[in-house]
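Note sheet for the following structure.
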Amino acid sequence: RRPSEYFLENFWLSSAGHNWDPAVRFTEEVVGEDRLMFAVDYPYEDGKQQTHQAAGVTLRNPEKFYELNAKRVFKLT
């Protein structure tokens, strides 16, 4: 198997540090909507500012990005 297959099966990525539309959309293209979730790198990033910036991100399934993927990863449901 290719290393990228292991990566895509075993890693989750967050938007911490890059809640910028082109970067988040590119990451979604590479890893898919099921492996990407919203995050803020507190205390190094301002949570309000990053949340506001992420609100402008255009995704295929925003509910997964903002809520469902985190619930699944952290077993909250």
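The values are calculated or read from the model by the stated rules, or taken from the named source; none is laboratory data. Predicted, not measured: the structure shown is a model, and the values here were computed from it. When we count neighbours, we look across all protein chains shown, and the Cβ atoms used for this are built from the backbone with ideal geometry, even at glycine.
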Does E67 count as charged (D, E, K, R), surrounded by 11 or more Cβ atoms within 10 Å (Cβ to Cβ) and either in contact with a Leu (Cβ under 6 Å, 6 or more places away or on another chain) or not in a helix (DSSP H, G or I) (or both)? no
Residue count, the range 1-41 (criterion: in a loop (DSSP other than H, G, I, E, B) and either surrounded by fewer than 14 Cβ atoms within 10 Å (Cβ to Cβ) or in contact (Cβ under 8 Å) with a residue 12 or more places away in the chain (or both)): 14
Could you tell me whether any residue of the range 37-59 is modelled with pLDDT of 95 or more and of a type in the set (A, V, I, L, M)? yes
Answer yes or no: is there a residue in the range 43-50 that is surrounded by 11 or more Cβ atoms within 10 Å (Cβ to Cβ), part of a loop (DSSP other than H, G, I, E, B) and of a type in the set (D, E). yes
On the given criteria, is T58 among the polar types (S, T, N, Q) and out of contact with any Asp or Glu (no Cβ under 8 Å at 6 or more places or on another chain)? no
